[in-house]
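Asker: If you scroll down you'll find the structure; I have some questions about it.
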Amino acid sequence: MNSTRPRVETRTETKTRKPPPWRVVLLDDNDHTYEYVMEMVMSLFAMPMEKAFEIAKTVDSQGRAVCMTTHKELAELKRDQILAFGKDRHIAACKGSMSAIIELAEGED
């Protein structure tokens, strides 16, 4: 008699690791008004006016404000959009857009 064992397949589960999140951080300066900041974040991040005001207040009082946490490519795009938004039309002497950086959002999932 020929004894054959059933073939048992073993599956190795591979977990796909999510890429780490990145923050888009708006940096404060004295060349832009609350109105400018609010217009910009409402336009670029689709924020309601109340949230836009909170961002403007935070960047003014703390020197920086997180506008979004996302994957790296979108964070880079949003940073570049902030840098290209243009000068504040409320201030005649304004020389250009606000500054922004992206940073690794350590400890966030």
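Asker: Can you report the number of residues in the range 70-93 which are surrounded by 14 or more Cβ atoms within 10 Å (Cβ to Cβ) and either modelled with pLDDT under 95 or not aliphatic (A, V, I, L, M) (or both)?
Answerer: 9
Asker: Here is a check on your reading of the model: is Glu39 in a helix (DSSP H, G or I), surrounded by fewer than 15 Cβ atoms within 10 Å (Cβ to Cβ) and at pLDDT 95 or above?
Answerer: no
Asker: Quick one: in the range 42-64, of everything that is surrounded by 12 or more Cβ atoms within 10 Å (Cβ to Cβ) and among the hydroxyl-bearing types (Ser, Thr, Tyr), which residue is nearest to Ala100 (Cα to Cα)?
Answerer: So, considering only residues that are surrounded by 12 or more Cβ atoms within 10 Å (Cβ to Cβ) and among the hydroxyl-bearing types (Ser, Thr, Tyr), the one nearest to Ala100 (Cα to Cα) is Thr58.
Asker: Which ones in the range 16-32 are over 12 Å from Ser61 (Cα atoms) and surrounded by 15 or more Cβ atoms within 10 Å (Cβ to Cβ)?
Answerer: The answer is Pro21, Trp22, Arg23, Val24, Val25, Leu26, Asp31, His32.
The values are calculated or read from the model by the stated rules, or taken from the named source; none is laboratory data. What you see is a predicted model, and the numbers here were worked out from it, not measured in a lab. Cβ sites come from the backbone with ideal geometry, for glycine too, and all protein chains shown count toward neighbours.
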